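First the structure, in the form of structure tokens, and then the observations on it.
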Amino acid sequence: MTTAEIQIHGYRKGHQLLASSVTLSKDDQAVVDRLSDVAGPLRPREQFAPYLSAYPLPSGTYYVIARTWQDHTVSRAGCVRTKSLLIDTLAWSLRPPLTPILRLLSSTELPTEMSAVRIELEEQFEERLPPTPTFSASELLEALFLEDAKPVVVFDAPDPELIALRLLTALWPDIRRRFALSTFALSPRKIGGRDLDLVFAPLNAQAKFSAWPRRRVDGRSSQIDRHRWTGAIVRRVFEEPIPRLLSDREIDLLGKRDTDSAAALRIALLWDELLDKLPQTPTAALGLFDIANSGMVSNTAAIKLLEPRLAEATRRAAGSLPPNDAWDFVGAIARKMQGHDMPAGRIAVEQLVEYLAEHAPDGAVSLLRQPDPKGAIDDLLPSIAIGLGNGAAPRVEHVLVEATTDIIARLVSQGGALTSRVAVDDGLIRRMGVALTEVDRELAERAGMMLHYLTCAVRWRWFSPMV
């Protein structure tokens with residue numbers, strides 16, 4: 001259960017706190033006192049519908065959701081009555097209990113001082129919200145999440161409260177606990193020296209925002225998407241029954257970092273985009289590894305999400321990529337995988353290497369020629385040797401003849417079928433004789449010992465009498 005403290009503000013020789021179920025610090029109380037009053041001066045006989053405000057308190061202890069009504073019971077014009085619910089910030093950020101909160105704030109009558117009592121809010125399950133079909137949300141969401149973040153005012157929005165509720169529901173925890181908005185404002189509003197992140201204003205208030213150096217959005221105009229992910233986040237926030245900017249998987253991916261930035265959303269969207277491409281485009285894994293190693297996400301969560309899909313995509317790479325591209329992919333992915341515990345991924349890469357070495361042996365030698373300061377390619381030598389050992393003659397033999405002495409010595413040192421083929425080929429034996437005099441001593445000893453052992457074994461089988 002979530003506890004809600006309640007404060008009632010209204011007119012009594014000025015706008016002030018009338019009743020409260022909790023005592024706040026001086027700074028916190030000053031914020032509630034100010035934001036519970038109407039946002040900007042009303043013109044004579046001007047009226048407005050009750051509106052919502054949502055904002056964090058400076059101490060970080062409470063998050064406030066309030067409704068403000070125009071108070072016609074007092075003779076002074078422009079007076080309001082506000083009921084503010086104060087929710088534990090952590091509880092609000094993780095699971096905002098919007099339905100029971102709105103139920104407490106839904107009265108058409110002015111709240112009384114008697115209602116300022118602590119209340120236990122009932123548990124809320126995810127609730128479906130109606131879509132906002134008449135609102136073109138592209139520019140608003142681009143301003144908040146896909147561009148340099150700036151406070152936004154939306155003029156003449158068709159249903160400010162529904163838009164606000166969908167947005168508050170869609171936010172992920174780290175940003176929800178800091179986000180501040182008001183569904184009605186006649187002039188810019190501030191909290192803690194900063195502008196509210198989002199306010200809605202009527203058209204007749206445009207002049208009050210003319211010198212405001214932030215983003216102004218026409219809530220009725222049609223808009224063209226300016227970013228690759230605009231359509232995706234519009235659907236997530238304003239069309240899906242349960243609004244969510246980030247899925248649980250994406251929140252896990254971001255980890256416990258400070259994700260109060262548009263960059264976090266863009267990283268999560270790029271991750272999902274590349275993950276969706278991976279089955280048909282194995283090279284998308286390279287971008288996924290770059291994200292995993294960027295420091296912008298939880299490396300552990302990213303690798304856990306990536307490994308099974310990488311293994312599957314790698315197994316398909318032989319059929320989906322031309323041989324040269326597949327070899328390029330092998331070299332790149334081997335380097336990206338270094339330092340990560342990915343047994344299934346490594347097995348898939350080794351299987352791909354064996355297949356490519358058997359069917360496209362030229363690429364194996366080209367790969368082994370590449371600089372390898374960290375030994376990522378060297379780790380693939382056993383798989384390359386196995387694949388070459390299974391390859392068709394005389395193509396494999398020709399590739400070995402053309403290989404540098406260092407490469408042929410490294411391959412022969414692996415033993416197995418490839419070394420056996422070298423042992424019975426006069427041209428390759430002569431090539432190995434040169435190689436053993438040119439490579440370093442340790443490699444020469446390993447390759448020579450393996451070759452000598454297999455040469456003796458071949459000769460023994462050739463000359464031994466049949467039983």
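The values are calculated or read from the model by the stated rules, or taken from the named source; none is laboratory data. For clarity, every value in this text was computed on a predicted model and none was experimentally measured. Here the Cβ positions follow ideal geometry from the backbone for every residue, glycine too, while neighbour counts run over all protein chains shown. Heavy atoms of the whole protein, side chains included, go into the accessibility calculation; ligands, DNA and RNA do not. Shrake-Rupley method; radii C 1.70, N 1.55, O 1.52, S 1.80 Å.
Name every residue in region 393-414 that is in contact (Cβ under 8 Å) with a residue 24 or more places away in the chain, part of a loop (DSSP other than H, G, I, E, B) and open to solvent by 10 Å² or more (accessible area, probe 1.4 Å), in order of residue number. Spell out the reasoning first.
Keep residues of region 393-414 that are in contact (Cβ under 8 Å) with a residue 24 or more places away in the chain, which gives 393, 395-397, 399-414.
Subset that is part of a loop (DSSP other than H, G, I, E, B): 393, 403-404, 413-414.
Result: 393, 404, 413, 414.
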- Taking region 243-262 and keeping only residues that are under 30 Å from residue 190 (Cα atoms) and loosely packed, with under 13 Cβ neighbours inside 10 Å, one is left with 256, 258
- Which condition number in (1) under 27 Å from residue 201 (Cβ atoms); (2) part of a strand (DSSP E or B); (3) more than 31 Å from the chain's Cα centre (by Cα); (4) in contact (Cβ under 8 Å) with a residue 60 or more places away in the chain is the one that residue 39 fails? (2)
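Which residue is surrounded by the most Cβ atoms within 10 Å (Cβ to Cβ), if the candidates are limited to region 45-59 and must be in contact (Cβ under 8 Å) with a residue 60 or more places away in the chain and under 24 Å from residue 165 (Cβ atoms)?
Step one: filter region 45-59 for residues in contact (Cβ under 8 Å) with a residue 60 or more places away in the chain, giving 48-49, 51-56, 58.
Then keep just the ones that are under 24 Å from residue 165 (Cβ atoms); that gives 48-49, 51-56.
On the way: 48: 15, 49: 10, 51: 22, 52: 21, 53: 26, 54: 28, 55: 23, 56: 22.
Of everything passing the filter in region 45-59, 54 is surrounded by the most Cβ atoms within 10 Å (Cβ to Cβ).
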- Examine region 196-210 for a residue that is modelled with pLDDT of 90 or more, within 18 Å of residue 145 (Cα to Cα) and of a type in the set (D, E, K, R), and state whether such a residue exists. yes
- What residue, among those in region 74-88 that are within 17 Å of residue 21 (Cα to Cα) and of a type in the set (A, V, I, L, M), is surrounded by the fewest Cβ atoms within 10 Å (Cβ to Cβ)? 87
- Task: Would you check if there is a residue in region 70-83 being among the small types (Gly, Ala, Ser), more than 17 Å from residue 10 (Cα to Cα) and touching a residue at least 24 places away in the same chain (Cβ under 8 Å)?
- Result: no
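Only residues that are open to solvent by 30 Å² or more (accessible area, probe 1.4 Å) and either in a loop (DSSP other than H, G, I, E, B) or touching a residue at least 24 places away in the same chain (Cβ under 8 Å) (or both): list them for region 174-193, please. Explain how you work it out, then say what you get.
The initial filter retains those residues of region 174-193 that are open to solvent by 30 Å² or more (accessible area, probe 1.4 Å), namely 174, 177-178, 188, 190, 192-193.
Once the filter is applied, which keeps residues that are open to solvent by 30 Å² or more (accessible area, probe 1.4 Å) and either in a loop (DSSP other than H, G, I, E, B) or touching a residue at least 24 places away in the same chain (Cβ under 8 Å) (or both), region 174-193 yields 174, 177, 178, 188, 192, 193.
Please specify each residue of region 121-172 satisfying the condition of being among the small types (Gly, Ala, Ser) and open to solvent by 40 Å² or more (accessible area, probe 1.4 Å). Step through it out loud before you land on a result.
First, pick out the residues of region 121-172 that are among the small types (Gly, Ala, Ser): 136-138, 143, 149, 157, 164, 170.
Answer for region 121-172, where residues must be among the small types (Gly, Ala, Ser) and open to solvent by 40 Å² or more (accessible area, probe 1.4 Å): just 149.
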- Query: When you go through (1) part of a helix (DSSP H, G or I); (2) open to solvent by 50 Å² or more (accessible area, probe 1.4 Å) one by one for residue 240, which number turns out not to apply?
  - Reply: (1)
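Return yes when residue 253 is in contact with a Ser or Thr (Cβ under 7 Å, 6 or more places away or on another chain) and either part of a helix (DSSP H, G or I) or among the small types (Gly, Ala, Ser) (or both) and no when it is not. Reasoning before the result, please.
Values: in contact with a Ser or Thr (Cβ under 7 Å, 6 or more places away or on another chain): yes; either part of a helix (DSSP H, G or I) or among the small types (Gly, Ala, Ser) (or both): yes.
Yes; evaluated as a whole, the condition is true for this residue.
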- Task: Scan region 11-42 residue by residue and report those that are open to solvent by less than 60 Å² (accessible area, probe 1.4 Å) and at positive phi.
- Result: 14, 40
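For residue 254, state whether it is at pLDDT below 90 and within 12 Å of the chain's Cα centre (by Cα). Explain how you work it out, then say what you get.
Working: at pLDDT below 90: yes; within 12 Å of the chain's Cα centre (by Cα): yes.
Considered against the rule, which asks whether it is at pLDDT below 90 and within 12 Å of the chain's Cα centre (by Cα), residue 254 comes out as yes.
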- Message: Please go through (1) in contact (Cβ under 8 Å) with a residue 24 or more places away in the chain; (2) open to solvent by 10 Å² or more (accessible area, probe 1.4 Å); (3) assigned to a helix (DSSP H, G or I) for residue 346 and return the number of the only condition it doesn't satisfy.
- Response: (1)
